[in-house]
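The values are calculated or read from the model by the stated rules, or taken from the named source; none is laboratory data. Just so you know, these numbers come straight off a predicted model, no measurement behind them. Every residue, glycine among them, receives a Cβ derived from its backbone with ideal geometry; neighbour counts consider all protein chains shown.
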Amino acid sequence: MEDCSLVKAPINLSKKYYEDVLKVANPTLKMEFDKADDSKIWMPMHSKKDGKAVINGYVRVQIDVLPQSHADKNPVGKARDSPNHSPFMPAPEGRMEMSLNPIKMLNQLVGPAMRRKIKIWIAMALCCALFVAILPNILGGIITKLVLGLFGL
């Protein structure tokens, strides 16, 4: 980005810059910009499968180019360390929290549909165990009534 060194100011790869400068210089260049934020682009991630490039997914990227003098005047921290600006990096969402509580870990590892199936299977296993535990009492009562009925007692 020669424009950054010429004007000595930061340049953001935005949709306007793409249409005004980059697309004019290279008409075959195609970029897919984020619908909510024109300063971010979606870059395809490729891998090879059977010798052909296959798109595995997309990564949303923001590209800012600035001169060295500007970077020296406005330092930023690595990752989310202080100072966290240009751009602000929020804490990631959806990370797993380690816990010794097995129910909390199960909720994080397994989706809601699978949790529902697991709960149903546990309820069915408890019903079967209860039935097996009560079965001797039920059979004992039935056999006692039959024996007493045979002897007329």
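Points worth noting:
- Screening the candidates PRO67, PRO87 for the property of being surrounded by 10 or more Cβ atoms within 10 Å (Cβ to Cβ), touching a residue at least 12 places away in the same chain (Cβ under 8 Å) and in contact with a helix residue (DSSP H, G or I) (Cβ under 8 Å, 6 or more places away or on another chain) yields one hit, PRO67.
- Boolean, ASN137 is assigned by TED's automatic domain parsing to the domain that holds ILE11, of a type outside the set (Lys, Arg), more than 22 Å from ILE11 (Cβ to Cβ) and loosely packed, with under 12 Cβ neighbours inside 10 Å: no
- Pair list, Cβ under 9 Å, 6 or more apart: segment 115-142 residue within 17 Å of ILE103 (Cβ to Cβ), other residue at pLDDT below 95: ARG115/LEU106; ARG115/ASN107; ILE118/LEU106; ILE118/VAL110
- Here ALA113, ALA91 are screened, and the one residue that is under 18 Å from GLN62 (Cβ atoms) and either within 22 Å of the chain's Cα centre (by Cα) or among the β-branched types (Val, Ile, Thr) (or both) is ALA91.
- Count of segment 1-47 residues, restricted to those that are of a type in the set (Asp, Glu), in a helix (DSSP H, G or I) and modelled with pLDDT of 85 or more, is 2.
- Qualifying positions in segment 90-108 - surrounded by 11 or more Cβ atoms within 10 Å (Cβ to Cβ) and either assigned to a helix (DSSP H, G or I) or touching a strand residue (DSSP E or B) at 6+ places or on another chain (Cβ under 6 Å) (or both): LYS104, MET105, LEU106, ASN107, GLN108
- Pairs where the first residue, in segment 17-28, is in contact (Cβ under 8 Å) with a residue 60 or more places away in the chain and the second is of a type outside the set (Phe, Trp, Tyr) and surrounded by 10 or more Cβ atoms within 10 Å (Cβ to Cβ), C-beta under 9 Å, 6+ apart: none
- For segment 70-84, the set of residues classified as surrounded by 12 or more Cβ atoms within 10 Å (Cβ to Cβ), among the hydrophobic types (A, V, I, L, M, F, W, C) and assigned to a loop (DSSP other than H, G, I, E, B) consists of VAL76 only.
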